[in-house]
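These notes concern the structure reproduced below.
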Amino acid sequence: MKYLHFVFGVIAYSAFFGVFLYLIGFVGDLYVPVSVDRGPAAVPGVAVVFDLLAVAVFGVQHSVMARSGFKAALTRIVPPVLERSVYVLMSSAALVAMFVLWRPIGIVLWDVQAMWLREVLWGLFLLGWGIVFVTTWLLNHFELFGLAQHWRNVRGVEAPAPVLREPLFYKWVRHPLYSGFLLSFWAIPTMTVGHALLAGGITLYVLIAISYEERDLLRFFGTGYADYRRRVGMLVPGLGKAKA
């Protein structure tokens, strides 16, 4: 059975990897058939409803399934080794649902004309995704996406105890993964109302998610994480430090 679990983990990881690559194209309106600015047409009022629903599906899935209470309930239904892979697979489904539900709103808020500035913004867009990718490895990429759990299960090895660390980006911000996402969603040369709605919705989700995540981290790591919050900014270096 543990080998079947491993296969499920590989399938969940592969699905998420493919969907994540599509997300980059979706946000940047690059090389994909349906994106934040290209897709099924709808009048603006209807489009706003669809788009808010799309962001809500993503936000609720990521927030609810990430909570310790939901994880405890889920592992009463599926083996604990599958918990992370189920989360990863459902995250893929939530992103696909967002792509399907999305209705572009093409009203332009800004359109940068200077070529050098457009290139700077595209550079920041790519930098943001690069920060996201590197941060997954700082966190332990294969643990984050469920494969490490299956590998330990196959080998019969116990998971090491979590340790509070501050590698690379974590010395400057507490949530570099979210910082990278926000940079990529907002650094765009041509910003439409639809894109701004997506970026704003994701920003709101990030702020809500951080409040829940930090509550869990404080409960788990105690004074060590409390001290970390006082020393290091939340999303931007030096900003968002917790009060002493």
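The values are calculated or read from the model by the stated rules, or taken from the named source; none is laboratory data. Note that the coordinates shown come from a computational prediction; the quantities given were computed from them, not determined experimentally. Note: ideal-geometry Cβ built from the backbone for every residue, glycine included; neighbour counts use all protein chains shown. Heavy atoms of the whole protein, side chains included, go into the accessibility calculation; ligands, DNA and RNA do not. Shrake-Rupley method; radii C 1.70, N 1.55, O 1.52, S 1.80 Å.
The table below gives the values:
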quantity: Surface accessible to a 1.4 Å probe, Glu166 within the full protein complex, Å²; calculated: 60
quantity: Normalised convex hull volume, the stretch 7-112, alpha-carbon set, Å³ per residue; calculated: 118
quantity: The chain - charge dipole about Cα centre, Lys and Arg +1 at Cβ, Asp and Glu -1, debye rounded to 20; calculated: 780
quantity: Degrees between helix 44-66 axis and first principal axis of the chain (Cα, 0 to 90, nearest 10); calculated: 10
quantity: Cβ-Cβ FRET estimate between Ile11 and Leu144, R0 fixed at 22 Å, reported to 0.05; calculated: 0.85
quantity: Accessible area per residue, Å², the stretch 70-184 with all protein chains present, probe 1.4 Å; calculated: 53
quantity: Choice from Val27, Val36, Val112 showing the highest fluctuation, given a GNM over the chain with Cα pairs closer than 10 Å; calculated: Val112
quantity: Net lengthening on full extension, Ala42/Ser63 (0.36 nm per residue, minus Cα-Cα); calculated: 4.7 nm
quantity: Stokes-Einstein diffusion coefficient of the stretch 124-244, Kirkwood radius over Cα pairs, 37 °C, 0.692 mPa s, in µm²/s; calculated: 206
quantity: Lysines with Cα under 19 Å of Lys241, excluding same-chain neighbours fewer than 8 positions away; calculated: Lys171
quantity: D (Stokes-Einstein, µm²/s), Kirkwood Cα radius, the chain, 1.306 mPa s at 10 °C; calculated: 82
quantity: Length-normalised contact order for the stretch 130-238 - Cα pairs under 8 Å, 6+ apart - percent; calculated: 37
quantity: Area accessible to solvent at Ser211, 1.4 Å probe radius, in Å²; calculated: 70
quantity: Sulfur and carbon atoms: percent of accessible area, the chain [1.4 Å]; calculated: 73
quantity: Cβ-Cβ FRET estimate between Trp122 and Trp172, R0 fixed at 41 Å, reported to 0.05; calculated: 0.95
quantity: Qualifying lysines (Cα of each under 22 Å from Cα of Lys71; at least 8 residues distant if same chain); calculated: Lys2
quantity: Pairwise FRET efficiency - Leu239 versus Val78, Cβ, R0 = 45 Å, nearest 0.05; calculated: 0.70
quantity: Helix-only mean residue ellipticity at 222 nm for the chain, each DSSP H run of n ≥ 4 adding -39500 (n - 2.57), per residue, nearest 500; calculated: -22000 deg cm²/dmol
